[in-house]
Every structure is written in structure tokens, then in C-alpha cells.
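Structure record follows, encoded as C-alpha cells.
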Amino acid sequence: MTSDSRGPAVGILTRYPKRGAGKTRLAASIGADAAHDLARAMLLDVCAAVRATPLCHPTVFVEPPEAIDAIAELTGIPDARAQAAGDIGARMLAAARALEADDFRPIILVGSDLPLLDSARIHHALRALRRADVVFGPASDGGYYLVGMHRPQPAILEDPSIQWSGPDVLTTSIAAAERAGLDYGLLPEAFDVDTAADLERLRDELAEREFADKPGPQNTAAALGRIGGN
């Protein structure tokens, strides 16, 4: 944190959980209602983890824009803002610039389908930023679930070589960082929950936590219980 900074901020980029919209791959296997219930639960758990992280300012960037008031009420995070238009890189860059404009540094951005996110991982990212210009949280699908930076980095968010829907987002983002002369750090790998296979992996992870008597994402666990064996 610099003397002219208000401290770190964590921006959560999400779509307002609306029944029948989004999570189409999950909906194909567990049904639209269950997919909506799970998306809402995961969002609540991600927001709870961010809210529980000391000294970090939480912000939700939501689409569509008319859902700002609803997302603030749902998540308990009063700083809710509309996402910018464009691909995910453009939206992340706009979010980072908005937080920088409000004097928050460093800036961490995450999605809303990572229910195993916790305060420890956010602090890990902040520690890594003491030695790096940018930090990535690698996702098992080849992308990343978290990016942290001291200031907005168009070099890694606007690079035309990055195909945001492809399997090599992390690799091409690291290459873009290196071309820009940015030092980068990596967090432990994690996974987003987008497919039926991800859902089964999540069930296994939560079962291991329960066996070890470790806390887990309560909303997501409850949603999985409602889904049952589907």
C-alpha cells in the first residue's frame, strides 16, 4: 500500500443470478433451476470470502447494469457497479481502472464461480504482489480465476493474442506480461465450476473438507445438498 492509496480492493465480476440465464453447461446436466440455485450460492460464498478479508474494499461489478441495486441487496456489498461492455479482458480492465480512479491499490479481480475462494488465498495474492507486478491464480481449464495488479495493466488485458474463450488464456497472458517487462507471480491452481465434471470435483473437495473438519462454503454446500445426486 502506498501513502496515497486507500488500500487494496477486490472486484468481483459477475452476472446477476437469474433463473434460466447463464450456467448453460451446468443447466444441461442438473436443470435450469438447480443451476440458478448453485450460481447464486457460489456468488454468495465468493462475496462472503471477500467481505471477510480484512483491509480489502469489496466491489461487485455486475451485468446487466439494471441489476446494481439487486446485487447490492443480495450480496451485502454496497459498492455495486455496472460492468463495462466488451470481452472479459475489456471488462476486467475497466473494473481495474474504476478502482484505481477511487485510489484503491493494489487491485484484485475474481469471478463468482469459485466457491472455494477464501481470505487466505486473497492474502496470498497480496503477499505475492509485494514481489511482482501482476499475480495470476491459474485455473485448471487453462485460464485464471484471479488476477492481481498494482495498477491497471492493458498489456495483459488488451493483448490481441489472448483468446478469452480458449484453453490457453493463462499461457498467452503470461507471455503478454513478459513482453511488457512485467514480473509475474502464480498462486496455487484452483478450478471454476462450469461443467458437470467441475461439479463432481467440487463435491469431492467439500467431502474432504467435511472429513477433515475444515470450514467450507456454506451456501454452496447447501445448494449441492438440494441438488442431491443429480
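Here are some notes:
- When the Cα positions of 154, 217, 227 are compared along the charge dipole of the chain, 217 comes out farthest toward the positive end, with charges on each C-beta of Lys, Arg, Asp and Glu.
- Rounded tilt (10° steps) of 218-227 against the dominant C-alpha axis of the chain: 40 degrees
- Each label point was placed 7 Å from the Cα along the Cα-to-Cβ direction; for residue 101 and residue 163 their separation is 3.3 nm.
- Cβ charges +1 (Lys, Arg) and -1 (Asp, Glu), total dipole of segment 1-131, debye: 440 debye
- Projecting the Cα positions of 24, 173, 109 onto the charge dipole of segment 9-224 (unit charges on Cβ atoms of Lys, Arg, Asp and Glu, taken about the Cα centre) puts 109 furthest along the positive direction.
- Net dipole in debye of segment 89-159 [+1 Lys, Arg Cβ; -1 Asp, Glu Cβ; about Cα centre; nearest 20]: 280 debye
- Computed from backbone phi, the HN-Hα couplings of segment 50-58 come to 5, 4, 7, 8, x, 6, 9, 7, x Hz, rounded to whole numbers (Karplus: 6.51 cos²θ - 1.76 cosθ + 1.60, θ = phi - 60°; Gly and Pro given as x).
- Taking every alpha-carbon pair under 8 Å whose residues sit at least 6 apart, the chain reaches a relative contact order of 23 percent.
- Projecting the alpha carbon convex hull of segment 121-183 along each direction and taking the average yields 4.1 nm².
- Rounded to the nearest Hz, the phi-derived 3J(HN,Hα) couplings of segment 151-159 under the Karplus curve 6.51 cos²θ - 1.76 cosθ + 1.60 (θ = phi - 60°) are 8, x, 10, x, 4, 10, 10, 10, 4, where x marks glycine and proline.
- Between 0 and 90 degrees, the angle of helix 88-101 with respect to the longest Cα principal axis of the chain falls at about 60 degrees.
- Under-5 Å amide H pairs with residue 61, H placed in peptide plane, nonlocal only: 12, 13, 14, 81
- Counting Lys and Arg as +1 and Asp and Glu as -1 over every other residue whose Cβ lies under 14 Å from the Cβ of residue 186, the net charge comes to -1.
- Cβ-based net charge around residue 135, under 14 Å, with every Lys or Arg adding one and every Asp or Glu removing one: +3
- Those residues of segment 104-119 whose amide nitrogen sits under 18 Å from the label point placed on residue 205, 7 Å along Cα→Cβ: 109-119
- Couplings for segment 117-124, taken from phi via the Karplus curve 6.51 cos²θ - 1.76 cosθ + 1.60 with θ = phi - 60°, read 4, 9, 4, 4, 6, 5, 5, 4 Hz in order; Gly and Pro are left as x.
- Nearest-20 debye value, the chain charge dipole, Cβ charges on Lys, Arg, Asp, Glu: 280 debye
- Value at 222 nm in deg cm²/dmol, rounded to 500, when DSSP H runs of n ≥ 4 in the chain each add -39,500 (n - 2.57): -13000 deg cm²/dmol
- Distant-in-sequence amide H partners of residue 146 (H built 1.01 Å from N, under 5 Å): 137
- Rg/Rg_globular for segment 9-224, with Rg_globular taken as 2.2 N^0.38 Å and Rg from C-alpha atoms: 0.97
- The antiparallel fraction among DSSP beta bridges confined to segment 69-220 stands at about 70%.
Here, each number is a calculation from the coordinates, and none is a lab measurement. It should be emphasised that the depicted structure is a prediction, and the values quoted were computed from it without experimental measurement. Glycine also receives a Cβ, built like all others from the backbone with ideal geometry; neighbour counts cover every protein chain displayed.
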